[in-house]
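> My structure is below; once you've seen it, I'll send some questions.
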Amino acid sequence: MSERKNLIAEDAVSKLQDLVKGSSTCMFASNLADLPLHVSPMRVQETDYEGRLWFFSEADSTRNSHINADPRVQLIFTNTPEMEFLTVFGTASISTDKDLINRLWNGMVEAWYNGKDDPNISLICVQPAAAHYWDTEDGKLVTMAKLITRAATGSDIPIGQQGDLDV
């Protein structure tokens, strides 16, 4: 079994930042009120000190259109080599703040746009409302050894932890 460890405030933000750093690309779901959801891979540019996640997005994208109609989004992260997983439900907002665009700008973003002044650039900010994580402290190999030991001996060796993040 995994240990339940819910985190709040600064501890929750720190855990969120660590998990996102390990896997900064997520599946970003919008249009949550209708099926099928609109899901696309997105790369987090920053997880700030308040736990907000920042993404670049095309201003004319389907995703931005969905956010304008319904700001609820779901983010799903997976870092399989480290056995870390995170889901974030939150409220998204769209910004075209030039100072923030300049601060978050990097070479990977440049490949998608015609420079920092491209009129199709926007930022999406996701404010988490609920987040849940699963991870292991020891990585994949030790976790697999613990699982095998548990199966062979019937012992109750903890194999990881999970919990809610109240950001």
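Where a number appears in this text, it was derived from the coordinates with a stated rule and is not lab data. It should be emphasised that the depicted structure is a prediction, and the values quoted were computed from it without experimental measurement. Cβ atoms come from the backbone with ideal geometry, glycine included; neighbour counts cover every protein chain shown.
> Of the listed values [x] 83, 28, 21; [y] 61, 34, 29; [z] 51, 37, 25, grab the one calculated as Cα extents along the principal axes in Å from the structure here.
Step by step, Cα extents along the principal axes in Å for this structure corresponds to label [y].
> Given the options Thr25, Thr62, Ser95, identify the residue whose Cα lies farthest towards the positive end of the charge dipole of the stretch 2-166 (+1 on Cβ of Lys, Arg; -1 on Cβ of Asp, Glu).
The Cα lying farthest towards the positive end belongs to Thr25.
> Tilt of helix 139-153 relative to the longest C-alpha principal axis of the chain, in degrees (0 to 90, nearest 10)?
Around 30 degrees separate the two axes.
> When Asp99, Asp135, Asp60, Asp166 are ordered from fewest to most other Cβ atoms inside 10 Å of their Cβ, what list results?
Asp99, Asp60, Asp166, Asp135
> What is the count of Lys pairs in the stretch 2-166 whose alpha carbons sit under 21 Å apart, if the two are 8 or more places apart or on different chains?
Here the count comes out as 7.
> Please give the net charge around Ser24, taking every other residue with its beta carbon less than 11 angstrom from that of Ser24, where Lys and Arg add +1 and Asp and Glu add -1.
Charge balance near Ser24 sits at +1.
> Same structure again: Could you line up Val44, Val39, Val167 from fewest to most neighbouring Cβ atoms inside 10 Å?
Fewest-to-most ranking of Val44, Val39, Val167: Val39, Val44, Val167.
> So how strong a dipole does the chain carry about its Cα centre when Lys and Arg Cβ are +1 and Asp and Glu Cβ are -1, to the nearest 20 debye?
340
> Moving on to the next point. From the helices alone, meaning DSSP H stretches of at least four residues, give me the mean residue ellipticity at 222 nm for the chain, per-run term -39500 (n - 2.57), in deg cm²/dmol to the nearest 500.
My calculation for the chain gives -8500 deg cm²/dmol from helical runs alone.
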